[in-house]
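Here the structure comes first, spelled out in structure tokens, and everything after it is commentary.
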Amino acid sequence: MKLVSRAQWGARAYRTPNGATPYSRARRGVKLHYLGTAYSNRDHGQCDDYVRQIQSQHMDGNGWSDIGYSFVVCTHGYVYEGRGLRRRNSANGNTTLNDQDYAVLLMVGSSGLTKPTDAQLHGARDAIDHCRTQGPAGTWLGGHRDGHATACPGEYVYVWAKAGAPRPAGAEPTKPVTAYKPPAFPTGLRPNSAKPSARGLQKVMKALGFLAASVPYADNYGPQTQEAVARFHNKHTAYRAPGLKHDTAIGPKGWAFAHTKAYGGK
């Protein structure tokens, strides 16, 4: 399973205490979901941005304690950890339904991209198996509409679920992959310092598009590198220092996230 942990996709911390509510009973099975809005496919490098967008909508728009789903599956077959295996989801309709089954979202819409890709079906199947073996969850499988008045998860996903979620014909199952481990944060890496590790930071900022490719590599953590880091922080505000709107200093968490986004998610 191509699992992307909360730390790897840059999840916000869940609100306590409700965000940490554990399941109170064994899970019957898994319910599948779709977005319920228009969705267009995108490069895989943008999928974690969309997962963060979902989390923000659920927390800031719905007032929930976290992203509502247990897991989210993108069209490239990657499985993003939401509330995970232990914390009760909030996507199935009410507390009883949420406590009964895991909630797995496939990133397809009610219009635009409505049919899951083969890679996505493999990823969803991986997520279902993960819930069953590690949750544990029982063998029941259905959709959001089972027990709740909604069109979710759409006809394609619902028919697939009721057929038992078979893997696509003629396609190989996804192979286990080793989770990406970013390099350790370099000691002494800070603005206006001169250390070889500044080159590694510049390489990552170029890979993410925050530093122009024409800028030469240098040991100096100078103005251009600082501005690139500030732009990175303005897009990924979870890694910006509290109270700063122009944060030019990369920290250990931002360093790890930047490396994972640049090299660990493709």
* Structure fact -> Normalised per residue, the volume inside the convex hull of the alpha-carbon atoms of the range 47-169 in Å³ amounts to 105 Å³
* Structure fact -> Placing +1 on each Lys and Arg Cβ and -1 on each Asp and Glu Cβ in the chain, then taking the dipole about the Cα centre, the residue among Pro196, Leu244, Phe71 whose Cα reaches farthest towards the positive end is Pro196
* To do: Report the accessible area of Lys162, computed with a 1.4 Å probe over the heavy atoms of all protein chains in place, in Å² rounded to the nearest 10.
  => 100 Å²
* Asked: Going out from 0 in 5 Å bins, what whole percent of all Cα-Cα distances in the range 37-88 drops into each bin?
  -> 5, 19, 26, 26, 16, 6, 0
* Kirkwood Rh, the chain, all Cα pairs: how many Å? -> 19.7 Å
* Asked: If you take the Cα atoms of the range 1-57, find Rg, then find the Kirkwood Rh from the mean of 1/r over all pairs, what is Rg/Rh?
  -> 1.00
* Shape of the range 130-262 from its Cα gyration tensor (a ≥ b ≥ c, root eigenvalues): rounded if a/c is under 1.5, otherwise prolate when a/b > b/c, or oblate? -> prolate
* Asked: Which value at 222 nm does the chain reach when only helices count, each DSSP H run of 4 or more adding -39,500 (n - 2.57), with the total divided by all residues and rounded to the nearest 500 deg cm²/dmol?
  -> -9000 deg cm²/dmol
* Taking H as built 1.01 Å from N, whose amide H comes closer than 5 Å to the amide H of Val79, not counting residues under 5 places away? -> Lys2, Leu3, Val4
* Structure fact -> Per residue, accessible area of the chain with a 1.4 Å probe, heavy atoms of protein chains only, in Å², comes to 47 Å²
* Charges only on Cβ, +1 for Lys and Arg, -1 for Asp and Glu: so what's the dipole of the chain about the Cα centre, in debye to the nearest 20? -> 500 debye
* Which lysines does Lys203 reach when only Cα atoms under 21 Å apart count, and residues fewer than 8 places away in its own chain are ignored? -> Lys181, Lys195, Lys235, Lys253, Lys261, Lys266
* Residue-count net charge about Leu141 - beta-carbon cut-off 12 Å; Lys, Arg +1, Asp, Glu -1 -> +3
* Structure fact -> Between Ala194 and Ser110, the FRET efficiency computed from the C-beta separation at R0 = 51 Å comes out, to the nearest 0.05, as 0.40
* Highest first, please rank the peptides 132-145, 251-264 by the mean number of other Cβ atoms sitting within 10 Å of their residues. => 251-264, 132-145
* **Extension gain from Arg25 to Thr133, taking 0.36 nm per residue of separation minus the Cα-Cα distance** => 37.3 nm
* Structure fact -> Log entry: pair-distance distribution for the range 198-266, C-alpha pairs binned every 10 Å from zero, whole % per bin is 22, 58, 19, 0
* Say R0 is 41 Å: what FRET efficiency, to the nearest 0.05, do His246 and Lys162 get from their beta-carbon distance? -> 0.20
* Glu227, Glu81, Glu155, reordered so the largest accessible area comes first (probe 1.4 Å) -> Glu155, Glu227, Glu81
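For the chain, which whole-number percentage of the solvent-accessible area (1.4 Å probe, protein heavy atoms only) is attributable to carbon and sulfur atoms? Show your work: numbers first, answer last.
Numbers: 6560 of 12370 Å².
Reported share for carbon and sulfur atoms: 53 percent.
Give the percent of DSSP beta bridges with both residues in the range 17-175 that are antiparallel, rounded to the nearest 5.
Antiparallel bridges make up about 20 percent of those DSSP assigns within the range 17-175.
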* Local electrostatic count, His33, Cβ distance below 14 Å [Lys/Arg +1, Asp/Glu -1] -> 0
* What net charge do the residues around Ala249 carry, taking every other residue with its C-beta under 11 Å from that of Ala249, with Lys and Arg at +1 and Asp and Glu at -1? -> +1
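The values are calculated or read from the model by the stated rules, or taken from the named source; none is laboratory data. This one's a predicted model, so the numbers in the text were calculated from it and none came from an experiment. Because the Cβ atoms are built from the backbone with ideal geometry, glycine has one as well, and the counts that use them run over all protein chains shown. Quick note on the areas: whole protein, heavy atoms, side chains included, nothing else; ligands and nucleic acids left out. Shrake-Rupley method; radii C 1.70, N 1.55, O 1.52, S 1.80 Å.
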